[in-house]
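One structure below.
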Amino acid sequence: MLCSSGTSGGEPKIMPSIAEDLERRTFVYNLTMPIMNQYVPDLDEGKAMYLFFVKAEMSTPCGLPARTVLTSYYKSKHFKCRTHDPWNDFTSPDQTILCNDSNQSMHCQLLAGLVHRRQVLRLGAVFASAFLRAISFLERNWRQLCEDIRSGKLSSFITDPSCRSCMSTVLSTPDPCLADEITRICSQNSWKGILCQLWPKAKYIEAVVTGSMAQYVPALKHYSDGKLPLVCTMYASSECYFGVNLKPLCDPADVAFTLLPNMGYFEFLPLGHNGTLLMDFDEGDVPNDKLVDLVHVKLGCFYEPVVTTFAGLYRYRVGDVLQVVGFHNNAPQVRFICRRNVVISVDTEKTNEEDLHRSVTMAKKLLEPYDGLLVEYTSYPDTSSVPGHYVLYWEILYCGIKTEAENENAVVVDGSVLEECCIAVEEQLDYVYRRCRSHDKSVGPLEIRVVEPGTFDSLMDLFISQGASINQYKTPRCIKSKKALKLLNSKVTASFFSPRDPKWVPKMC
Ligand code: AMP
């Protein structure tokens, strides 16, 4: 079984998968190289520093493993027993990719990438967020990595026996010259363009930079000084692999995926431009008579893909919003617009409005003993630091952070209560969020920023001044506009972070 990053009622969804799905996935991976070859020559003359990681597994009641689709691929013989391919010569030894401890895995993979820095022709990770986490790890740990290179000895905190054994070949001799070069580069004040200095022959960065990952494009451009194209090769999910990008060097905003009709049976549910359903039926339903066939989709229109898969899903709604932007022969080319109903996301977790609202509703109860009332809230994915984290803007009536001197009747709400509110929100968010926070560490501690009374009225005024209707105005549950964000930040009186990780245990399905 595959566990997807989608959840249902807070639980991770699990998808059936069959052995031959691995053949289909391998086919798509193999297809990306001939496509790249048309645009970037000589990729067989060096290595790829791709940082791949396995995720925690679940187990079904009868003991079947349930893994994410990529973990299942890395653990399969299709990956582990692949024949040597000069076009796919990775710097990371397989054992470092398969290491369950993400810190040890990251250290070893970056070390191998640095040792081979002059042969590396491409850089990447599956998601842009994961690649930026690697850069952040490097910022914190380059001295230790250089020490390993200088001494030819792996740091003692790497205890995984497979990692130690494979890295002994990578670090076969002490290399003080290489350690000095890397030290010089990493000691600079600014890390703008650092990727091109550390890996001077790199020709591009490969990672998903579409959908919610688009928020990471500016950071990737900063670290590459805008010199390395950002390549997004495919659109895929646990349910099915969908398509490939035939113009890999295009701007991230223009990426379109050509659907591969042999991956599954594709049908499409017509949607409004913002992902709204055009017809009246329940969210979970599939109106069979309204589905459009692959060959009948229309240019410019928006759809949700509905798949029937070899593994047994029948007319399954994938939950994404796609726009048809062209055709390759007769195969539709789609742009990934967004995930339906997702309000906020910083890594692979996808939080919808309902989950966010439920979590905030539970957490705000902690204010009640202090006569505090949460008047309004909104959220923002802060990705200015790595890992990104959720910011909630809270307007609290009466209780805010008042001292007794300011309001004799108000009971003081001290910071620890708001910190407890932060963790209470996180404890209520879904399984994948909590896994990203507690296990993968790909999402940082949630922050509550308390704003001055009247802030949400000012926010409404701003949106109305920009054309929103007064009658229909609803506070957006996630802020996208820079102006609105600036306004909110100018009204912040205090900010609080979650003091600990939310509880998360690998689940029996
Ligand atoms: P999962 O089932 O956990 O593998 O997640 C699959 C979901 O990830 C898809 O349904 C999309 O929402 C998202 N996704 C996959 N590939 C892309 C892509 N290239 N661009 C944007 N989102 C993507």
>> If GLU267 satisfies all but one of (1) in contact with a helix residue (DSSP H, G or I) (Cβ under 6 Å, 6 or more places away or on another chain); (2) among the charged types (D, E, K, R); (3) part of a strand (DSSP E or B), what's the number of the condition it fails?
In response: (1)
> Can you tell which of PRO229, PRO248, PRO252 is modelled with pLDDT of 95 or more, surrounded by fewer than 20 Cβ atoms within 10 Å (Cβ to Cβ), of a type outside the set (A, V, I, L, M, F, W, C) and in contact with a strand residue (DSSP E or B) (Cβ under 9 Å, 6 or more places away or on another chain)?
Replying inline: PRO229
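In the range 18-39, how many residues are touching a helix residue (DSSP H, G or I) at 6+ places or on another chain (Cβ under 7 Å) and either away from the ligand (no atom under 16 Å from the Cβ) or in contact (Cβ under 8 Å) with a residue 60 or more places away in the chain (or both)? Full working, then the answer.
Kept after step one, since they are touching a helix residue (DSSP H, G or I) at 6+ places or on another chain (Cβ under 7 Å), are these residues of the range 18-39: 22, 25-26, 33, 36-37.
Okay, now just the ones that are also either away from the ligand (no atom under 16 Å from the Cβ) or in contact (Cβ under 8 Å) with a residue 60 or more places away in the chain (or both), so 25-26, 33, 36-37.
The number of residues fulfilling the criteria is 5.
Just to be sure before I move on: is ALA56 part of a loop (DSSP other than H, G, I, E, B), out of contact with any Ser or Thr (no Cβ under 6 Å at 6 or more places or on another chain) and not aromatic (Phe, Trp, Tyr) in the structure I sent? Break it down stepwise before answering.
Details: part of a loop (DSSP other than H, G, I, E, B): yes; out of contact with any Ser or Thr (no Cβ under 6 Å at 6 or more places or on another chain): yes; not aromatic (Phe, Trp, Tyr): yes.
Yes, satisfied.
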>> Regarding the range 113-122, can at least one residue be identified that is in a helix (DSSP H, G or I) and either without any contact (Cβ under 8 Å) to a residue 12 or more places away in the chain or more than 29 Å from GLN215 (Cβ to Cβ) (or both)?
In response: yes
>> Suppose the filter is surrounded by fewer than 17 Cβ atoms within 10 Å (Cβ to Cβ), in contact with a strand residue (DSSP E or B) (Cβ under 6 Å, 6 or more places away or on another chain) and in contact (Cβ under 8 Å) with a residue 60 or more places away in the chain; does PRO499 pass it?
In response: no
>> Can you pull out every residue in the range 227-247 that is more than 16 Å from ARG25 (Cα to Cα), within 12 Å of the ligand (Cβ to nearest atom) and of a type outside the set (A, V, I, L, M)?
In response: CYS232
> Where residues in the range 57-76 are small (Gly, Ala, Ser) and out of contact with any strand residue (DSSP E or B) (no Cβ under 9 Å at 6 or more places or on another chain), which of them is surrounded by the fewest Cβ atoms within 10 Å (Cβ to Cβ)?
Replying inline: GLY63
> Hey, among CYS163, CYS177, CYS196, CYS146, which residue is free of Cβ contacts under 8 Å to residues at least 12 places away in the same chain, part of a helix (DSSP H, G or I) and not charged (D, E, K, R)?
Replying inline: CYS177
> Only one of VAL334, VAL343, VAL375 is over 21 Å from ALA207 (Cα atoms), within 16 Å of the ligand (Cβ to nearest atom) and not basic (Lys, Arg); which?
Replying inline: VAL343
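Of everything in the range 40-53 that's within 16 Å of the ligand (Cβ to nearest atom) and outside any strand (DSSP E or B), which residue is surrounded by the most Cβ atoms within 10 Å (Cβ to Cβ)? Break it down stepwise before answering.
Within the range 40-53, the subset within 16 Å of the ligand (Cβ to nearest atom) is 50, 52-53.
If we keep only those that are outside any strand (DSSP E or B) as well, we get 52-53.
Numbers: PHE52: 21, PHE53: 25.
Checked the range 40-53; the qualifying residue surrounded by the most Cβ atoms within 10 Å (Cβ to Cβ) is PHE53.
The values are calculated or read from the model by the stated rules, or taken from the named source; none is laboratory data. Every value quoted in this text rests on a predicted model; they were computed, and no experiment measured them. Cβ coordinates were reconstructed from backbone atoms using ideal geometry, including for glycine residues, and neighbour counts include every protein chain displayed.
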